[in-house]
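The values are calculated or read from the model by the stated rules, or taken from the named source; none is laboratory data. Remember, predicted model here, so these are calculated numbers, not experimental data. All Cβ positions, glycine included, derive from the backbone under ideal geometry; neighbour counts span all protein chains shown.
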């Protein structure tokens, strides 16, 4: 590989932080909960891992952790494999669609934790419920699932919705002014490298016909987790409409 994987991952993190104002704090909250739940050594599955942002933080924070990382995007998965190559003895990568139950067949044993960040909102609500059932079945007894993502306010919360939208707009405007790449510019830069550019057609084919789901509320998420069989649900971090939602088996 000749593309600068770590630099591209760094730029990805900066780009994503333009859309998620307190992204690092959100990660830290999830990592703290994992530490208090499972100590230093456990098996965690990173669903829809993208270029490896969450996995990287898991591997750095917990020197004895083992990570299984799954994503459907061939471009981002190729980047993750290269960017995290120094951890290859503690992380396994698999291509898989988290909306399909068979994607979990590659996981051996019963992981203590499953995490995801800024990805599950791309699934239809009914797919999310099915996903949570599959996660519950996968987890070890007492296992923990955490999803870090926006859960949007609906029309029952007009003031909070307005504030959250204003905050998102301000955060993005400040980032673009400071020279941070937006989503399109990041992909334009990444695909200047032939190894990644050659994956563009495959990526486009995978996502071409996928519908764009309506946003969900945090109430929907908690109800979906309970419906999927989680014994306890709650939120472990929040800023406006950005949450870390958790379910305990």
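Overview of results
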{"quantity": "Odd one out for residue 231 among (1) closer than 20 Å to residue 131 by Cα; (2) loosely packed, with under 13 Cβ neighbours inside 10 Å; (3) at pLDDT 95 or above; (4) under 20 Å from the mean Cα position of the chain (by Cα)", "calculated": "(4)"}
{"quantity": "Residue match in the stretch 85-105 (condition: at pLDDT below 95 and in contact with a strand residue (DSSP E or B) (Cβ under 7 Å, 6 or more places away or on another chain))", "calculated": "yes"}
{"quantity": "Residue under evaluation residue 145, criteria (1) surrounded by 14 or more Cβ atoms within 10 Å (Cβ to Cβ); (2) out of contact with any strand residue (DSSP E or B) (no Cβ under 7 Å at 6 or more places or on another chain), criterion not met", "calculated": "(2)"}
{"quantity": "Unmet requirement for residue 179, which otherwise passes all of (1) at pLDDT 95 or above; (2) on the phi < 0 side of the Ramachandran plot; (3) out of contact with any strand residue (DSSP E or B) (no Cβ under 7 Å at 6 or more places or on another chain)", "calculated": "(2)"}
{"quantity": "Sole residue being crowded, with 23+ Cβ neighbours inside 10 Å, more than 16 Å from residue 111 (Cα to Cα), touching a helix residue (DSSP H, G or I) at 6+ places or on another chain (Cβ under 6 Å) and touching a residue at least 12 places away in the same chain (Cβ under 8 Å), chosen from 74, 51", "calculated": "51"}
{"quantity": "Any chance residue 205 is part of a helix (DSSP H, G or I) and surrounded by fewer than 16 Cβ atoms within 10 Å (Cβ to Cβ)", "calculated": "yes"}
